[in-house]
Every structure is written in C-alpha cells, then in structure tokens.
Amino acid sequence: MKTVKVRTFLDGDEKLIAHIHNMAFREWIESLGKEYDYRYITPNDVLAWIKENHSKHESLWIAEIDGEVAGYTHCHFKEIHGKKDFKELLFVPTSRDMGQSKIAVIPKYRCQGVAKALIQKCLEHFEPLGANLAVVLIYSDNKVAEKLLQQMDFVHQELFYYKPYSDKKPWRYDSIYAELYLDNPVKPPLRLNRVIKIRQAREKDANDIAEVFRKSAPWSPFGPNASADKVLQHYLKSTGYEIILVAEYNGKVVGVMDFNGDTNRLGIPGVLPEYRKKGTGYTLFYYLLKYLQEKGFSKAIADTGLILSDAIRMYTQFGFKIIRRQQAWIKILQ
C-alpha cells in the first residue's frame, strides 16, 4: 500500500478541495441532489468554509499519494458550554441539517487508507489542543464508513449522553429523513383542531413567529434569541421558502410550518409549548400538505432528530416513510 501524506490547507488549495469534493461526492450529488443539499461546489465555497471557521489551518486537511491529491477533510474544533465546558472535534457535515461528514476520497484512491489517514491526523493534531471527543456523521447505509469507524474505535449510539454536557439531554443523536409522495389525497388526522385558523404568514406576524422560534426551535439558524427583525428579513422575506403557514388562535400566531419548493423540504419551527397536545401541530401539518397538493407539488421531505419523537410520530401517521438515517459516531479522546 502506498504511503498517504496528510497536510494542512495552503493558499490556493481551495481549487484542489473543490475538485476532490466534486469527484468524491459525485454519486450523492447525482442521486440525492438538492433535496439532500448535495451539489457541486466551487473554490469560493471552500473559502467560505474557511471564513466561517476563522482558521484555515485547523479546518481543512488534504491527503496526497505520490504527490497527487487523493482526499480532504473538513473539521470544526469548538468549545461547548454545558454542565461543564468541553471541546469537540466535529468532522463537518455536507449539510447543516444532515448530510455526511466531509471526509472525501477521490474514487481511484479509495481502499488505500486515505480516509483513515485523514481522520487519524486530525485526532493527533487536536487531542493535544484539548479535544475531549470527536464526532463523525454518516448515513446508516454507508457500510464502508461504518466499518472504518468501528476499526478506529468510534462508537455509534442513537442517543449519546455526555455527562459534561448534561445528564438529561443527549449531546448527539441520530436524525431521520422521511418522504411522502403527494399523489394520493391527504387524510385529515383524528386530532384535527377546528378552533385554530390556518393561513399564510404575513409580515406583521414577525413578532409572534420569532417567539415560536425562540421557544420551539432554538436549534434553528435564528437560535434562542430570534428577533422580529431577523425573522422578517431572513424568513418572511426570504426566497428560500415557497410556503409559510401559521396557526392562529384568538389573533395570536401559535404555530409555524414551511416548505421549500426547490428542495421539497418541510420546515417545522413548531408550536408554542402552551398550545401543544391539542392537535395544533397535526392540523397545521395537514393543511400544509393539502396546500402542497393544490399547488401541484409531488413530494415532501421531512427531517428531524430522534429526540423529537412527537414529530416522527406525526410524520408516520400521515404516511411518511423513513428513507435515510444520519448517525453520529463518537470517539472519547480524554
């Protein structure tokens, strides 16, 4: 087996990384495409990764065989504030929501130890810097990656509890992708709430919708500090959402769901805690699916973490089929 050399990113390597990425992920780009946020990238995309991580030398690594580029990986090293502060080395996924970690190998160099060398080099570099654990995200049908991670002493748990983070909340957990083809009429749920009003979102709803994000979707890009201004500019006025529906009760927006027609992806910011267990979410979801059918969309895709069991139960009751699962593989370093 030829020797694999791994080095850090150098100025100008963005072209090499874009090439490796597009070669390595071509199969997923062509088969899964935009629905799973797989696409061909440009050197400018790579430069954006570096800017986001604030450090080119600690985020991107390149593997070479006989002077030829063979693969790359993208890491994110971050201090996490939980019950006790700890540092996590995350092999960054191709998609913010899901995807697989960017450990990419050009096809002709596979089965030559490239992926293993990339992972090992990162572990050796970041452990002395205080990394407490490393995380790799893969799809459950990626058996090659699964076998490699097992060999490197990574462990998969559906719900991974890490004491420095919390005794009650998992730090990492599996997520699912579920799909529904909209060629058959959507059946109304048994829990249909006829008191609430379902309608399209309006700009004047920004304050109420921000509250829904803060209380029901703190994991979203808006975070637990969602503001009306951000919601207005980056959500209600965004071109990324074909449809945004709200549930209104006594003049107040108490739930929000959306749809991106470009990717067929459903978004579930959710329902305010005090309005749950009353059929609000089921009713909003039902009318959203009906609206998609009326608009001629043929498919809807939902994704969620295993911790949101109520959402998964709702998807299955409406006929969604779980197609793909993202797994978190963990290695405790110190």
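The values are calculated or read from the model by the stated rules, or taken from the named source; none is laboratory data. Quick caveat: nothing in here was measured; it's all calculated off a predicted structure. Quick reminder, even Gly has a Cβ in these numbers, built from the backbone with ideal geometry, and neighbours come from all protein chains shown.
Of all residues in the range 262-276, none are in contact with a helix residue (DSSP H, G or I) (Cβ under 7 Å, 6 or more places away or on another chain), of a type in the set (Phe, Trp, Tyr) and not in a loop (DSSP other than H, G, I, E, B). When you check Thr42 against the structure, is it surrounded by fewer than 20 Cβ atoms within 10 Å (Cβ to Cβ), of a type in the set (Val, Ile, Thr) and at pLDDT 95 or above, yes or no? Yes. Taking residues in the range 215-229 that are more than 19 Å from Glu203 (Cα to Cα), and partners anywhere that are hydrophobic (A, V, I, L, M, F, W, C), the pairs with Cβ atoms closer than 6 Å and at least 6 places apart or on different chains are Lys215/Leu272; Ser220/Phe213. Considering only residues in the range 281-328 that are without any contact (Cβ under 8 Å) to a residue 24 or more places away in the chain and not in a loop (DSSP other than H, G, I, E, B), the one that is farthest from Val136 (Cα to Cα) turns out to be Glu294. With respect to being in contact (Cβ under 8 Å) with a residue 24 or more places away in the chain and under 17 Å from the mean Cα position of the chain (by Cα), Leu333 falls outside the description. Out of the residues in the range 240-250 that are within 21 Å of the chain's Cα centre (by Cα) and outside any loop (DSSP other than H, G, I, E, B), state the one that is nearest to Gly270 (Cα to Cα). Result: Ile244. Scanning the range 246-291 for residues that are within 25 Å of Gly223 (Cβ to Cβ) and among the β-branched types (Val, Ile, Thr) yields Val246, Val253, Val254, Val256, Thr263, Ile268, Val271, Thr280. Selection over the range 80-121 of residues that are surrounded by fewer than 18 Cβ atoms within 10 Å (Cβ to Cβ) and among the hydroxyl-bearing types (Ser, Thr, Tyr) gives a count of 1. Going through (1) farther than 30 Å from Phe154 by Cα; (2) basic (Lys, Arg); (3) at pLDDT below 95 one by one, Arg324 falls short only on (1). Could you go through the range 168-184 and let me know if any residue there is buried (at least 18 other Cβ atoms within 10 Å of the Cβ), among the hydrophobic types (A, V, I, L, M, F, W, C) and in contact with an Asp or Glu (Cβ under 7 Å, 6 or more places away or on another chain). Yes, the range 168-184 has at least one match. Val212 meets each of the listed conditions (1) under 30 Å from Ser298 (Cβ atoms); (2) modelled with pLDDT of 95 or more; (3) over 24 Å from the mean Cα position of the chain (by Cα) apart from (3).
Checked against the criterion of being outside the structural domain of Ala217 (by TED's automatic domain parsing), loosely packed, with under 15 Cβ neighbours inside 10 Å, under 29 Å from Val144 (Cβ atoms) and among the hydrophobic types (A, V, I, L, M, F, W, C), the range 293-305 has no qualifying residue. Gly255 meets all of the listed conditions (1) assigned by TED's automatic domain parsing to the domain that holds Pro218; (2) within 26 Å of Thr94 (Cβ to Cβ); (3) touching a helix residue (DSSP H, G or I) at 6+ places or on another chain (Cβ under 9 Å) but one, namely (2).
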